[in-house]
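Novice: One structure coming up, written as structure tokens, with questions to follow.
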Amino acid sequence: MKHGHKGHHQHQQGGQGYTSGQNYPSYQPQGGYEQQGGYGPQGNYPPQGNYPPQGNYPSQGNYPPQGNYPPQGNYPPQGNYPPQGNYPPQGNYPPQGNYPPQGNYPPQGNYPPQGNYPPQGNYPPQGNYPPQANYQQQGNYPPQGGYLESWRKFVNRNIQIRSVLGNKNLDIEGAKKNKGTRIMLYDAHGQWNQKFQLLLNADGSVTFENAGLVLDVTNGTAKNRTQIQLWEKNGSKAQKFYLESVGNDRFKIHSAIDQKFCVDVNEMRKDNGTKIQLYEKNDSNAQLFTFVE
């Protein structure tokens, strides 16, 4: 049996291919071999010979419909391709593959909770979604996301931020007044190092201030386990948070850097000194707080 040079193969009469023992791909009708011999993983050839750019094959051979490959080879998780090949900007795929109707993606990839998209793609400014997905008609949202939520009664007041895990507050470690001091969980005692003035910003976010220093996401980095610290006020997104009311005067505290991340009690621990951090939004009590004057 003879074969040609690399990348070109003869086949036997009757269309039978070479055996796998000779490390050749299965015979393809109409000569549908890939250019430059770049064969697909596991011999999974794309339909109609529509090969992905730069040889970026999808996992498990989940090819997109009609050969509409995503930009930069950013394949969606679990092969959940968007309808009509409308890929989201920057490859920010929605959670659980809940694509918005008509491919109307929200600005900055701020997807609404539980995939409850607003009618006609009228997204609220700054991704300030209304509680319980009560979207406004014709997209007439209140200025700066000023929804009537119970936390607003605490604006400009000194509050304790209390975890629902127990009688524990966010606490400035060691009662220090230095920038960089970490925030931890500690028994509620209501002294100055557990009190923060709730300030409302023009964009609908809030800032928690204590004696000229404020709660801050270390290095302005929104990722799991980033420490919440004390820092001098500078107006950056690292020091701004959006409050989500979940009922019964309980709140989630979302980072303005990326609202998919919330203030979180590390591993739901109740020990004094437990780290207060950012973590991806979830349904645990580690991310639920109440405000106490």
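Novice: Out of N210, N169, which single residue is among the polar types (S, T, N, Q), in contact with a helix residue (DSSP H, G or I) (Cβ under 7 Å, 6 or more places away or on another chain) and closer than 21 Å to R157 by Cα?
Specialist: N169
Residue by residue, here is whether (1) buried (at least 22 other Cβ atoms within 10 Å of the Cβ); (2) among the aromatic types (F, W, Y) holds:
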| position | (1), (2) |
| --- | --- |
| T226 | no, no |
| F241 | yes, yes |
| G247 | no, no |
| D271 | no, no |
| L278 | yes, no |
| K281 | no, no |
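Novice: In addition: How many residues are over 21 Å from G127 (Cβ atoms) and assigned to a loop (DSSP other than H, G, I, E, B) when one looks only at the range 214-244?
Specialist: 3
Novice: Only one residue in G17, G21 is at negative phi, modelled with pLDDT under 85 and outside any loop (DSSP other than H, G, I, E, B). Which one?
Specialist: Answer to the check: G21.
Novice: Quick one: would you say A222 is among the aliphatic types (A, V, I, L, M), assigned by TED's automatic domain parsing to the domain that holds V164 and either without any contact (Cβ under 8 Å) to a residue 60 or more places away in the chain or on the phi > 0 side of the Ramachandran plot (or both)?
Specialist: So A222 passes the test.
Novice: Just to be sure I understand, how many residues within the range 162-174 are under 27 Å from the mean Cα position of the chain (by Cα) and surrounded by fewer than 23 Cβ atoms within 10 Å (Cβ to Cβ)?
Specialist: 3
The values are calculated or read from the model by the stated rules, or taken from the named source; none is laboratory data. Everything quoted here is computed from the prediction, not taken from an experiment. No Cβ is skipped: glycine too gets one built from the backbone with ideal geometry, and neighbour counts run over all protein chains shown.
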